[in-house]
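Reviewing the structure listed below.
The values are calculated or read from the model by the stated rules, or taken from the named source; none is laboratory data. Keep in mind that this is a model prediction, so the values were computed, not measured. All Cβ positions, even for glycine, are placed from backbone atoms using ideal geometry, and neighbour counts span all protein chains on display.
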């Protein structure tokens, strides 16, 4: 059985390509990912990744300079992850991305971490809440594929 997932229409073609490359990178690093994950604050992370050690990374995709300039919410994501990254296409100048965040350059076929993110440690209660939400959302999305 083949299941075809369709984009939700909010992302540009460039953002979708970066998202796919990021997903491939995260999988190669042993992470499970969810795209468009809503945090407890109501903010939506472009990609959240959960490692086998319980590490939580959030990756914010920026497809253009304008996309970056209008985004004022990204600092709020740091309260929900151990590491925070921006992911950009090869056509975007990496120098515009804040140095305090990690940086990933990606395309439709893969991605590479250009700059590692500083690590913070989530409080145990926040880690548990995010991990449980990740599990529930994953299960709900999987079930909706089988029984829309």
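Residues to consider are 52, 93; find the one that is in contact with a helix residue (DSSP H, G or I) (Cβ under 8 Å, 6 or more places away or on another chain), under 22 Å from residue 20 (Cα atoms) and surrounded by fewer than 11 Cβ atoms within 10 Å (Cβ to Cβ).
Every option except 93 fails the conditions.
Within the set of pairs 6 or more residues apart or between chains, which connect a residue that is surrounded by 10 or more Cβ atoms within 10 Å (Cβ to Cβ) inside the stretch 123-144 to a residue that is assigned to a helix (DSSP H, G or I) with Cβ atoms less than 6 Å apart?
So the pair list comes out as 130/80.
Which count do you get for residues in the stretch 70-81 that are surrounded by fewer than 20 Cβ atoms within 10 Å (Cβ to Cβ) and part of a loop (DSSP other than H, G, I, E, B)?
3
Would you tally the residues in the stretch 96-109 being modelled with pLDDT of 95 or more and either loosely packed, with under 13 Cβ neighbours inside 10 Å or at positive phi (or both)?
Qualifying residue count for the region: 1.
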